[in-house]
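Enquirer: First, the structure itself, so that you have it in front of you.
Every number in this text was worked out from the coordinates using simple rules, so none of it is lab data. Because the structure is a prediction, the values reported are computed rather than measured. Positions of Cβ are backbone-derived with ideal geometry, glycine not excepted, and every protein chain shown enters the neighbour counts.
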Amino acid sequence: MFSYRHAFHAGSHADVLKHMMLIAILRHLTQKDAALVVVDTHAGAGLYRLDGDYAGTTGEAQTGIFRLASAISPAKPAKPAPKEVAPLIQDYMSFVAQFNVPGELKVYPGSPFVAQRLLRAEARDKLKLFELHPTDIKSLAGNIAQLEAGRQVTVTRADGFEGLKALLPPPSRRAMVLIDPSYEIKTDYAKTVACVQDALTRFATGTYMVWYPVIPRPEAHDLPRRLKTIANRAGKPWLNASLAIGQDEERSQPGEPARRPGLTASGVFVVNPPHTLKPALQVALPQLLKALGRGRGMSQTLESAG
Ligand code: SAM
């Protein structure tokens with residue numbers, strides 16, 4: 001069960017979509033004075049090296065943050081940068097840049113570091129992190145300890161699907177929950193659906209954000225459809241965004257190992273999204289697709305209700 005390590009995937013196109021949306025949602029939710037509780041049910045290690053052994057093995061950041069960076073500020077003038085980069089993309093890129101020395105892109109913030117940077121000590125916002133992997137929980141605890149955030153952040157080695165239950169409803173009645181499993185085991189799909197259903201029963205006005213892979217597997221295909229049904233039955237607004245970068249059309253050279261396709265598409269489903277999210281994504285998603293799309297099969301979708 002523990003073969004998934006997010007370090008291999010940090011900064012990929014899926015991370016770009018997820019973290020760009022996470023930043024946008026948290027920026028909106030932290031505008032109100034009342035304390036916000038953020039729960040990250042599947043936290044990962046928190047912080048990643050893009051030049052380290054893990055990231056280098058799969059090169060997944062090349063499908064995401066590196067490709068986006070070169071599309072926005074192209075090294076060669078032959079490929080002009082978009083005249084006006086969408087605010088969500090600009091914000092995401094400058095956010096990641098804060099973790100790096102100027103001109104370099106070596107460190108990548110995972111969702112715990114994205115959230116912690118946006119939370120407000122003065123508002124008594126809280127961040128609750130769950131992780132199960134025996135190595136990643138140690139890295140996460142070590143990375144978070146360096147922030148010296150005190151009681152603002154708690155790290156728990158436990159099943160995030162279960163751990164969430166005790167946190168809802170939060171005392172401040174304001175919560176944002178990221179549910180970002182690796183879907184390494186098939187039951188994660190059903191657990192995600194059950195988790196959102198249960199969370200909405202406990203706390204109907206929370207914002208729930210679910211990342212999912214778009215892959216040819218019935219459970220994956222059904223996941224956004226099932227989430228829509230849950231949100232509709234609860235009478236809650238929802239938004240569903242997806243990004244498919246398409247197949248890499250570059251062929252392997254003779255003698256080179258065959259290129260593995262890897263994950264080419266993912267989506268993010270949000271229950272109770274901020275009203276500002278959809279218009280912002282309408283501008284950002286086409287630009288993201290232009291920057292990250294590789295050819296056959298590339299597409300983006302954005303739908304919502306309520
Ligand atoms: N949310 C992270 C981010 O955006 O930076 C990435 C998380 S990664 C996709 C999923 C993580 O969930 C892995 O580190 C895995 O070890 C962990 N995990 C798997 N099952 C879990 C569970 N039931 N509860 C908590 N963590 C779990």
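Enquirer: Once the dipole of segment 79-209 is set up with Lys and Arg at +1 and Asp and Glu at -1 on Cβ about the Cα centre, which of His133, Leu88, Gln197 lies farthest towards its positive end?
Expert: Checking the options against the dipole of segment 79-209, the answer is Gln197.
Enquirer: Of the beta bridges DSSP finds with both residues in the chain, what % are antiparallel, to the nearest 5?
Expert: Values: 23 of 40 bridges.
Counting DSSP beta bridges with both partners in the chain, the antiparallel share is about 60 percent.
Enquirer: Say we join alpha carbon atoms closer than 10 Å with springs in a Gaussian network model of the chain; which of Gly44, Gly59, Gly103 then has the biggest fluctuation?
Expert: Greatest mean-square fluctuation among the candidates belongs to Gly103.
Enquirer: Could I ask something else about it? Rounded, prolate or oblate: which fits the chain when a ≥ b ≥ c are the square roots of the eigenvalues of the alpha-carbon gyration tensor, with rounded for a/c under 1.5 and prolate only if a/b beats b/c?
Expert: Working: a/c = 1.40, a/b = 1.32, b/c = 1.06.
Because its axes are fairly even, with a/c under 1.5, the chain counts as rounded.
Enquirer: Moving on. Measure nothing but the geometry: give the 0 to 90° angle between the long axis through the Cα atoms of 13-29 and the longest principal axis through the Cα atoms of the chain, rounded to 10°.
Expert: Between the helix axis and the principal axis of the chain, the angle is about 40 degrees.
Enquirer: Relative contact order of the chain, please, whole-number percent, based on alpha carbon pairs below 8 angstrom and at least 6 residues apart. Before the final figure, lay out the partial values.
Expert: On the way: 543 pairs, mean separation 69.5, N = 306.
Answer for the chain is 23 percent.
Enquirer: Something else about it: Could you list Ile65, Ile245 in order of exposure, starting from the residue whose Cβ has the fewest other Cβ atoms within 10 Å? Don't jump to the answer; show the numbers that get you there.
Expert: Values: Ile65 24, Ile245 29.
Ranking Ile65, Ile245 by Cβ neighbours within 10 Å, fewest first, gives Ile65, Ile245.
Enquirer: While we're on this one: Can you compute the helix-only [θ] at 222 nm over the chain? Use -39500 (n - 2.57) per DSSP H run of at least 4 residues, normalise by all residues, nearest 500 deg cm²/dmol.
Expert: Working: 10 runs with 115 residues, N = 306.
So the helix-based figure for the chain works out to -11500 deg cm²/dmol.
Enquirer: Compute a Gaussian network model of the chain, connecting alpha carbons closer than 10 Å, and tell me which residue from Leu289, Leu17, Leu243 fluctuates the most.
Expert: Leu289
Enquirer: Past 26 Å, Cα to Cα: identify those pairs from Lys138/Lys165; Lys165/Lys278; Lys228/Lys278; Lys106/Lys138; Lys126/Lys165, in the order given. The partial results should precede the final answer.
Expert: Working: Lys138/Lys165 24 Å; Lys165/Lys278 28 Å; Lys228/Lys278 16 Å; Lys106/Lys138 21 Å; Lys126/Lys165 16 Å.
From the list (Lys138/Lys165; Lys165/Lys278; Lys228/Lys278; Lys106/Lys138; Lys126/Lys165), the Cα-Cα distance tops 26 Å for Lys165/Lys278.
Enquirer: Considering only Ile215, Ala61, Trp238, whose Cα is most displaced toward the positive end of the charge dipole of the chain, charges sitting on Cβ of Lys, Arg (+1) and Asp, Glu (-1)?
Expert: Trp238
Enquirer: Helix 187-202: angle to the longest alpha-carbon principal axis of the chain, degrees 0 to 90, nearest 10?
Expert: With both axes taken from Cα atoms, the answer is about 40 degrees.
Enquirer: Right, something else. Where is the GNM fluctuation largest for the chain (alpha-carbon springs, 10 angstrom cutoff): Lys138, Lys128, Lys186?
Expert: Residue with maximal mean-square fluctuation among Lys138, Lys128, Lys186: Lys186.
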